[in-house]
1. Among the listed residues Val102, Val65, which satisfies the condition of being under 20 Å from Gly54 (Cα atoms), modelled with pLDDT of 95 or more and aliphatic (A, V, I, L, M)?
2. Checking Thr14 against (1) of a type outside the set (A, V, I, L, M); (2) on the phi < 0 side of the Ramachandran plot; (3) at pLDDT 90 or above, only one condition comes out false. Which one?
3. Determine the pairs where a residue that is on the phi < 0 side of the Ramachandran plot, located within segment 144-159, has a partner that is charged (D, E, K, R) and surrounded by fewer than 20 Cβ atoms within 10 Å (Cβ to Cβ) with Cβ atoms under 6 Å apart, the partner being 6 or more residues away or on another chain.
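The values are calculated or read from the model by the stated rules, or taken from the named source; none is laboratory data. These figures come from a predicted structure and were not determined experimentally. Every residue, glycine among them, receives a Cβ derived from its backbone with ideal geometry; neighbour counts consider all protein chains shown.
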Amino acid sequence: MMTTLRRAVPARRTSRALGLACGVAAALICAGCGSSSSPTNPTAAAPALGRPSGVFAHGAGFGQVKPARIFNGGDPTGLLTHITWKSWGGADAVGSGKSDYVGPGQSVATGSEQRATVEAFKLGKCHGKLMYQAVEWYFPQHGQAFSASHYENICAGTYVPSP
C-alpha cells in the first residue's frame with residue numbers, strides 16, 4: 001500500500017485565502033445594498049388623458065396615460081382607435097389614429113373610417129391630478145385643423161362650446 005503524502009499548507013496562507021473568499025462573497029452579496037429601487041431624483045408622473053366624468057363618464061381612454069383608444073360614449077364619430085402618440089408629457093400631446101369621418105351633408109351611417117390627428121392640451125391639475133384637460137381630433141386630409149376653441153373638456157366632462 002502506498003501512502004500519498006500531502007504537503008501541509010501553512011495556516012497563515014489558508015486563513016488569508018479564506019478571508020479573501022469571504023470578502024469577495026460579501027461584496028457580491030451587498031453589491032446592490034446601497035442602491036434603492038426608486039431613482040434619486042424621481043420624475044413627475046406622466047399626465048393622464050382627463051378623467052371619466054360628465055357626458056364622458058362611460059367612455060374609454062380617459063384617466064389613462066397614452067391610451068390606444070378613446071371613446072366619448074357617443075356615436076361612432078366619438079371613437080378613435082389605433083392611436084400612436086408622437087408626443088406626451090409636454091404642454092400638448094399629439095398622435096394619430098382612426099376614426100369615423102362624416103363629411104358635410106352625410107349621415108353618421110355613411111361615414112368611413114379614416115386617419116385622424118388627435119391633440120390633448122390644457123395640461124394642468126384637475127381634482128388634484130396632473131392631466132390633459134382637453135382633447136380634440138380632426139381630419140387634416142379633409143381640410144380640418146386643430147382648434148383650441150372646439151374640444152371635449154375631459155376634466156369637467158362637457159363639450160366646448162356646448163352643442
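1. It is Val65.
2. (3)
3. If the second residue must be charged (D, E, K, R) and surrounded by fewer than 20 Cβ atoms within 10 Å (Cβ to Cβ), the pairs left are Phe146/Glu119; Tyr151/Glu136.
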